[in-house]
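One structure is given below, encoded as structure tokens.
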Amino acid sequence: MKGVLLVNTGSPKTCTRPDVKFFIRAMLSDPYVMTVPDWFRPILVNGLIIPLRQFSSTAHYRMIWDHTKEDSPLLDHAKSLAKKLETLTEMPVEVAMRYGQPDVQLALERLMAKNNRLHEVVVLPLFPQYAESSYKTVVDEVGKIFFKRPYPFRLRVIEPYFRHPAYISALAKSIKPYIAEGFDKLIFTFHSLPLSHVEEGWKKGKEFDYVYQTKETVRLVLKDLDMEMKRTRQVYHSAMGKKWLGPSLDEVIEEQAAEKAKKLLVVAPGFAADNLETLYDINIKAKELFIDKGGAQLTFIPCLNSEDYWVESVAKIIS
């Protein structure tokens, strides 16, 4: 019998300041995320970043949190995806978060509780493109937990699915209803990375090359949509410094407004589920920026979340 482990980044347990602080500290303490000398990382995180970001981040989480549900949007979508995938595949499926709960160890224990005769667990990091700060840190964490004890099953880790036909098809399907309504520009936005990470991946080859993989995803989606590249832009959001991958989403939004564009569509193919960066940074902050600069409408196309066609695609990706 096989089991499935879906792994994403994570989110705070609640939108209260203590939980948001705990989550920020956990994520930024990861050397794959904050690539500074080990001795300096806690000083930077605890002495500068958390004091600066804890209040604004808490306010932003409160703006996007559905208080009628127990979990954050990210975790809620992940649980829904797992439940639907379990029904479709008739295999036990659990969710783990790299930071926060449920963690990898708890998720593996839950899988064994569902079926104690598992011989293989398929691990799907929910990151289409490879990056050390997302895909690699998840794979390393799963491996670290797995080798701490003699689990009675083997692991099979799915590689980044940036060009898998099932992923491309699902992404194109999510976009089609929006482009049918007319638009000036379709913007594909991916999470920015430090240029040092980008260069390191490029040197290793295409399987580690983040920029190549993001561009290949866009190329294949446009091919599926039968759309010309000139109607689109590819950008990067959430840069944390000057030496990060660009152009930035904000720069291109301002540029489009200056060119008299009135209707923008924005999609974030690097995220499997909606989270703070899509629901606040794009759907609220970027939208306000475009309107302030003279635009009329910026529409964010939701992530794949737990749409039925995405569930079917995930089943194909892990098969």
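Observations, loosely collected:
- Under a model in which nothing but the beta-carbon of Lys, Arg (+1) and Asp, Glu (-1) is charged, the stretch 2-160 shows a dipole of about 220 debye around its Cα centre.
- Note on K243 and R53: the extension gain reaches 66.4 nm, defined as 0.36 nm multiplied by sequence separation minus the Cα-Cα distance.
- With Cα atoms, 0 to 90° folded angle of helix 308-318 axis to the chain main axis: 60 degrees
- For the stretch 165-301, size of Cβ-based charge dipole, Lys and Arg +1, Asp and Glu -1, in debye: 260 debye
- Angle in degrees between helix 249-258 and the longest Cα principal axis of the chain, rounded to the nearest 10: 20 degrees
- Neighbourhood charge, 12 Å Cβ-Cβ cut-off, centred on F271 and excluding it, Lys, Arg +1 and Asp, Glu -1: -3
- For the stretch 19-121, the direction-averaged projected area of the alpha-carbon convex hull comes to 8.6 nm².
- Spin-label zone in the stretch 14-40 - amide nitrogen under 14 Å from a point set 7 Å from the Cα of M63 along the C-beta vector: none
- Net lengthening on full extension, A315/K148 (0.36 nm per residue, minus Cα-Cα): 57.3 nm
- Residues I43 and L106, FRET efficiency given R0 of 35 Å [Cβ-Cβ distance, rounded to 0.05]: 0.70
- Remark: spin-label model distance A113-K262 equals 5.6 nm, labels positioned 7 Å along the Cα→Cβ axis.
- Spacing of the modelled spin labels on E181 and F22, each 7 Å from Cα toward Cβ, amounts to 3.9 nm.
- Relative frequency of Cα-Cα separations exceeding 28 Å in the chain, percent: 41 percent
- Label-to-label distance, nm, for residues given as I284 and M229 (7 Å Cα→Cβ offset): 3.6 nm
- Our summary gives the chain a relative contact order of 21 percent, counting only alpha carbon pairs under 8 angstrom and 6 or more residues apart.
Values quoted throughout were computed directly from the atomic coordinates according to the rules given, and no laboratory measurement underlies them. Bear in mind that the values here come from a model prediction, so they are computed numbers and not experimental data. Cβ coordinates were reconstructed from backbone atoms using ideal geometry, including for glycine residues, and neighbour counts include every protein chain displayed.
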